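K.L.:
Before I ask anything, here is the structure I am working with.
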Amino acid sequence: MADLKARIASRTAKEFNDGDVANLGIGLPTKVANYLPEGVHITLQSENGFTGLSGSAESGKENVDVINSGGAYVTYAPEANFFDSAMSFSIIRGGHVDATVLGAMEVDEHGNLANWIVPGKMVAGMGGAMDLVVGAKKVIIAMLHTQKGNHKILKECTLPYTALGVVDKIITEMGVMDVTPEGIVLKELHPDYTLDEIKAATGCELIISPDLKPMEEE
């Protein structure tokens, strides 16, 4: 499972452009910071109050005053800036975040997202997800393709929505998909899987790109 999450994080890190301001959600998306390609300089914003987030802190070298939005110890770049939540969410709501990477419980073919609550169960809550998906210029969902064999990519979400029509791209261990007005387009397929396998693991019809290529990792 750890290898699959590393695969997703590594591929997601390729989505950034030099100079981007990006936000990484809790859980799997935070791992993306460990795979940023050389030569691409981006500013990572952590919604709990700083820009200039770097990677995970090494064991034994943690700074107890520096954590990401998920509560994990992290490092920061020399140009880091620290500020309060009001400033942090002004950056997000003001449209200054070029891309956000979030996890999801469900995504559907219309780009609708459900990632904050399962009725009747205790979960972490909304966090900054609702602000991020409407404030960021690009929304990337990085997640495992299924949950205990159950579909997470659907024709229609069954869980309460976070926001409607906001998802631009989905990256899983199986492939890379763009959300378009026509539906979900499979752009890259990981060599570990066949087309039939990814179709069976998806709860809506996939449009296969005529330029389908192997999913990149490194």
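The values are calculated or read from the model by the stated rules, or taken from the named source; none is laboratory data. Note that this is a predicted model, so its numbers are computed, not measured. Glycine gets a Cβ as well: all are built from the backbone with ideal geometry, and neighbour counts include every protein chain shown. These area figures cover heavy atoms from the full protein model, side chains too; ligands, DNA and RNA do not enter into them. Shrake-Rupley method; radii C 1.70, N 1.55, O 1.52, S 1.80 Å.
K.L.:
Rounded to the nearest 20 debye, what is the charge dipole size of the chain about its Cα centre when +1 sits on each Lys and Arg Cβ and -1 on each Asp and Glu Cβ?
P.N.:
On the way: 17 positive and 30 negative charges, 97 e Å.
So the dipole magnitude of the chain works out to roughly 460 debye.
K.L.:
Right, something else. State the percentage of accessible surface on the chain attributable to carbon and sulfur atoms; use a 1.4 Å probe and exclude ligands, DNA and RNA.
P.N.:
Working: 5520 of 10770 Å².
Ligands and nucleic acids excluded, carbon and sulfur reach 51 percent.
K.L.:
Semi-axes, largest first, in whole Å: what does sqrt of 5 times each Cα gyration tensor eigenvalue give for the chain?
P.N.:
In descending order, the three semi-axes are 28, 19, 16 Å.
K.L.:
Calculated FRET efficiency, K213 and K61, Cβ-Cβ r, R0 41 Å, to nearest 0.05?
P.N.:
The calculated FRET efficiency here is 0.55.
K.L.:
Using the structure shown, select from K121/K187; K61/K169; K148/K213; K31/K148; K61/K137; K31/K155 the pairs with a Cα to Cα distance greater than 32 angstrom.
P.N.:
Pairs exceeding 32 Å: K121/K187; K61/K169; K61/K137.
K.L.:
Keeping all protein chains in place, calculate the accessible area per residue for the stretch 2-214 (probe 1.4 angstrom), answer in Å².
P.N.:
With all protein chains present, the stretch 2-214 gives 48 Å² per residue.
K.L.:
Can you find, among H110, H190, Y76, the residue farthest towards the positive end of the dipole of the chain? Put +1 on the C-beta of Lys and Arg, -1 on that of Asp and Glu.
P.N.:
Of the listed residues, the answer is H110.
K.L.:
Would you mind checking the radius of gyration and Dmax of the stretch 95-218 based on alpha-carbon positions, in Å?
P.N.:
Radius of gyration, then largest Cα-Cα span, for the stretch 95-218: 14.1, 43 Å.
K.L.:
Say each of F89 and K199 gets a label point 7 Å from the Cα, pointing the same way as Cα to Cβ; how far apart are those two points in nm?
P.N.:
Here the answer is 4.5 nm between the modelled labels.
K.L.:
If you don't mind, there's one more thing I want to ask. If you average the C-alpha positions of the stretch 145-218 and of the stretch 25-86 separately, how far apart do those two centres end up, in angstrom?
P.N.:
28 Å
K.L.:
Under 17 Å from a label point 7 Å along Cα→Cβ of N81: give me every residue in the stretch 10-36 with its amide N that close.
P.N.:
Answer for the stretch 10-36: 19-23.
K.L.:
Between the helical axis of 2-12 and the dominant principal axis of the chain, each derived from Cα atoms, what acute angle in degrees is found, rounded to the nearest 10?
P.N.:
So the inclination is approximately 80 degrees.
K.L.:
Could you work out the per residue convex hull volume over the alpha carbons of the stretch 132-198, in cubic angstrom?
P.N.:
Per residue, the Cα convex hull of the stretch 132-198 comes to 107 Å³.
K.L.:
Further question: Taking K5 as the anchor, which aspartates and glutamates have their alpha carbon closer than 18 Å to its alpha carbon, excluding any fewer than eight residues away along the same chain?
P.N.:
Cross-link targets: E15, E106, E173, E188, D192, E216, E217, E218.
K.L.:
Now a separate question. Pull up all non-local amide H partners of L44: gap of 5 or more, or a different chain, and H-to-H distance under 5 Å with H placed in the peptide plane.
P.N.:
For L44, the qualifying residues are A22, G52, L53.
K.L.:
Please give the FRET efficiency for N150 paired with A6, using the beta carbon to beta carbon distance and R0 = 22 Å, rounded to the nearest 0.05.
P.N.:
0.45
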